Amino acid sequence: MRPARKYIIVTGGVISGLGKGIAAASIGHLLSSQYKVVPMKLDGYLNVDPGTMNPIEHGEVFVLDDGGEVDMDFGHYERFLNTNCKFEHNLTMGKVFEEIRAKERRGDYLGKTVQFIPHVVDVIKEKIRMTAEKEHADIMLIEVGGTVGDMESDLYIEAMRQLQDEVGEENILYVHLTYVPIPAGVQEQKSKPTQQSVYELRRRGIQPDVIIGRCSETLTSEIKGKIASFCGVDTKSIFTGLDVDNVYKIPFLLEEEGIVSIINQKLGLPVKSVDDPWRQLLSNLDHPEKEITIALCGKYTSLTDSYASIKETLMHCSAHTKAKIQMKFIETTEIEQGKMNVAEVLQGVDGVIVPGGFGSRGVEGKLEVIKSCRENSIPLLGICFGLQLMVVEFARNVCLLEKANTTEVDPDTAHPVVDLMTEQKAITAKGATMRLGAYISYLREGSLARKLYDSEIVSERHRHRYEVNQRYHQFLLENGLNISGLYLEKNLAELVEVKEHPFFIGTQAHPELKSRLSAPAPLFLGLVRAAMEKR
Ligand code: GLN
């Protein structure tokens, strides 16, 4: 008989930003080589998804194969569990209430008063059940967004409490992540915030089985003893969420502290120790043989969370090439305002990324960077908006189409080399209406793209409304811009490149979303190798 499905619930306390997603993903990583671990994240906000949120406020919007726009924690889940998630794995209160309202309008509640408890909580549990069934999960790994005590997450916490009654105590493990500060002056690990946050959790009917205390040092046995006695948790079930230079080390730190046997004891899940390829790759990172500098020329560079997946991908490339990568964040608005000069900015830079983006701010600065890369043989990878601007730059400076532009920036340009996709023209609603998710590109023979991917077709994830204007494809080709990747069904340009250049390639997709530590995104790996050669 198949063993009962297990549930691991991860909550957080004290403050936000402690890395609940990483903690959950790390636990998942340790189990995922032997069990089908299905992650879910429960977000308290009323947006249906983060697709309409400002990346400055919310960080990067992560896009899944199915086109779902989800919280950036899904980047960690996919990378740590080596899995592909689905839109329904990210539950939001926006989705929950959409469903409640639809049910109520259909008359499903048969005249009853619709209430937070039981109806809203039931929908939450139902969504979890459905996902578990559909995915044939051995283990459901559920992260409750926010901090215990937030009004926003209370309904989720209640649902997680009720889940225990339904699935049985022996099938559910509650993990609580808290903060153990070491105040300056005192120089001692402090347990009070943990005590108070566990108190809040217990007040809501949940007794944690495992506590992870985020701390700048390994938790001492004294502090573990104190937390144990105040929180009703065995000292062996208290772990350090250590500040580390690389979060991929966290699974191994938790493993060394004994988390796997604690999970096994509570859930009765035997876990074999495996030879994890991550160990060698992480050791490569600690022993680099070369150093290169990659510039990221974007708009929200002050908030590096908005480019989280790009940073991750470069780290994956580092582990495979043994090149230490210094990232230089360049705010292109400063170039166009004349505060910085392109030649100076690119001094000592071995490779450049022009990432995705929206709107006109910083665009002229990006165009200057692209021109300089093209003319000076500096390796360049353009991503999404980056590809579109590579086309604009090429049209202006090689094809001599004066003031050529994307209509996103200049709706009245005489040369709209990048324009809204036909199917986008009638759309006015903003939520989930872009060209989203995985699409297949055909790669032209003899192209750099084909060489890097080592394949004739490739599937990458997308998030955009504009495309290279098909009226200009032929003209661009004749002038030397190779449209090396195509979405054949609609004749959309997916990749562009310039032949007489060591590495000058743009992709309409976001290959950083599918990069893994064990399998870095090929275009990024190509950029890093080209940058290493340049140096
Ligand atoms: N703004 C561009 C578009 O909508 C590019 C989007 C992006 O870079 N993700 O097509």
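The values are calculated or read from the model by the stated rules, or taken from the named source; none is laboratory data. Everything numeric in this text was worked out from a predicted model, so none of it was measured. As a convention, Cβ positions derive from the backbone with ideal geometry for all residues, glycine included, and neighbour counts pool all protein chains shown. Accessible surface areas use protein heavy atoms only, side chains included; no ligands, DNA or RNA. Shrake-Rupley method; radii C 1.70, N 1.55, O 1.52, S 1.80 Å.
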Check your understanding: Accessible area, 1.4 Å probe, largest first: how do Arg101, Arg374, Arg361 sort?
Key -> Arg101, Arg361, Arg374
Practice item. Place a +1 charge on the Cβ of each Lys and Arg in the range 187-226 and a -1 charge on the Cβ of each Asp and Glu, then give the dipole magnitude about the Cα centre in debye, rounded to the nearest 20. Key: 220
Review point. If one puts a single equal scatterer on every Cα of the chain and applies the Debye formula without solvent, what log₁₀ I(q)/I(0) results at q = 0.05, 0.09, 0.12, 0.13 Å⁻¹?
Key: -0.23, -0.71, -1.15, -1.27
Practice item. Enumerate the whole-percent occupancy of each 10 Å bin, from 0 to the last occupied one, for all C-alpha pair distances of the range 41-183. Key: 10, 37, 37, 14, 2, 0
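Could you sort out which of Lys324/Lys514; Lys290/Lys451; Lys299/Lys322; Lys103/Lys514; Lys290/Lys339; Lys103/Lys490 sit more than 26 Å apart by Cα distance in this structure?
Lys299/Lys322; Lys103/Lys514; Lys290/Lys339; Lys103/Lys490
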**Study point:** Accessible-area ranking of Glu88, Glu533, largest first, probe 1.4 Å
**Key:** Glu533, Glu88
Check your understanding: If you take every DSSP beta bridge whose two residues both sit in the chain, what share of them, in percent to the nearest 5, is antiparallel?
Key -> 30
Review point. So for the pair Val186, Lys125, with labels modelled 7 Å out along Cα→Cβ, what separation do we get in nm?
Key: 4.0
Revision key, fill the gap. With +1 on the Cβ of every Lys and Arg and -1 on the Cβ of every Asp and Glu, the dipole magnitude of the chain about its Cα centre, in debye rounded to the nearest 20, is 480
Practice item. Please go through the range 126-214 and write out the GluC sites (Glu not before Pro) that DSSP classes as loop and that have at most 12 other C-beta atoms within 10 Å. Key: Glu188
Point to revise | Restraint check, Lys41/Lys112; Lys403/Lys425; Lys236/Lys266; Lys125/Lys236; Lys41/Lys125, Cα-Cα greater than 19 Å | key: Lys41/Lys112; Lys403/Lys425; Lys125/Lys236
Revision key, fill the gap. Quarter of the surface of the C-alpha convex hull for the range 398-535, i.e. direction-averaged projected area in nm², equals 9.9
Check your understanding: Going toward the positive end of the dipole of the chain, with +1 on Lys and Arg Cβ and -1 on Asp and Glu Cβ, which of Pro50, Gln195, Gln164 do you reach last?
Key -> Gln164
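Using the Kirkwood formula on the Cα atoms of the range 55-133, what hydrodynamic radius do you get, in angstrom to one decimal?
Details: mean 1/r = 0.0698 Å⁻¹.
Computed over the range 55-133, the radius equals 14.3 Å.
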Point to revise | Radius of gyration and Dmax over the Cα atoms of the range 380-424, both given in Å | key: 10.4, 30
Study note, to complete from the structure: Note, Gln337: beta-carbon cut-off 10 Å, +1 each Lys/Arg, -1 each Asp/Glu, net -3
Check your understanding: In whole Hz, what ³J(HN,Hα) sequence does the range 166-180 give by Karplus (6.51, -1.76, 1.60; θ = phi - 60°), x for Gly and Pro?
Key -> 7, 9, x, 4, 6, 10, 9, 10, 9, 10, 10, 9, 10, 10, 10
**Study point:** Top positive-direction residue, dipole computed over the range 239-313 with Cβ charges, set Leu242, Tyr307, Ser273
**Key:** Tyr307
**Study point:** Label-to-label distance, nm, for residues given as Tyr45 and Ser216 (7 Å Cα→Cβ offset)
**Key:** 3.0
Review point. Helix 192-203 sits at what angle to the longest principal axis of the chain, using alpha carbons and giving 0 to 90 degrees rounded to 10?
Key: 70
Review point. How far is helix 221-231 tilted, in degrees, relative to the longest principal axis of the Cα atoms in the chain, given as a value from 0 to 90 rounded to the nearest 10?
Key: 70
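How compact is the range 287-414 by the rule of thumb for globular proteins, expressed as Cα Rg over 2.2 N^0.38 Å?
1.07
Please report, in debye to the nearest 20, how large the charge dipole of the range 384-481 is about its Cα centre when each Lys and Arg carries +1 at its beta carbon and each Asp and Glu carries -1 there.
Roughly 260 debye for the range 384-481.
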**Study point:** Coil-residue GluC sites (Glu not before Pro) of the range 455-522, DSSP, other Cβ within 10 Å capped at 10
**Key:** Glu500
Review point. So what's the back-of-envelope 222 nm ellipticity for the chain, counting only DSSP H runs of four-plus at -39500 (n - 2.57) apiece and dividing by all residues, rounded to 500?
Key: -10500 deg cm²/dmol
Exercise for review: Evaluate the range 229-352: find the radius of gyration of its Cα atoms, find its Kirkwood radius, and give the ratio Rg to Rh.
Suggested key: 1.15
Review point. Tally Lys and Arg at +1 and Asp and Glu at -1 over the other residues with C-beta under 11 Å from the C-beta of Glu60: what net charge comes out?
Key: -4
Review point. When N counts the residues of the range 158-262, how does its alpha-carbon radius of gyration compare numerically with 2.2 N^0.38 Å, as a ratio?
Key: 1.11
Check your understanding: Taking Cα atoms, how many degrees apart are the long axis of helix 308-321 and the longest axis of the chain, rounded to 10 and kept between 0 and 90?
Key -> 80
Check your understanding: Restricting attention to the range 128-199, which chymotrypsin sites (Phe, Trp or Tyr not before Pro) occupy a DSSP loop and are surrounded by at most 10 other Cβ atoms within 10 Å?
Key -> none
Revision key, fill the gap. Carbon/sulfur accessible area of the range 7-65, % of total, 1.4 Å probe, equals 53
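Among residues other than Arg202 whose Cβ falls under 15 Å from its Cβ, what is the net charge (Lys/Arg +1, Asp/Glu -1)?
That sum, taken over residues with Cβ under 15 Å, equals -1.
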**Study point:** Integer Hz, Karplus 6.51/-1.76/1.60 couplings in order for the range 27-39, x for Gly and Pro
**Key:** 4, x, 4, 5, 9, 6, 6, 10, 10, 7, 9, 10, x
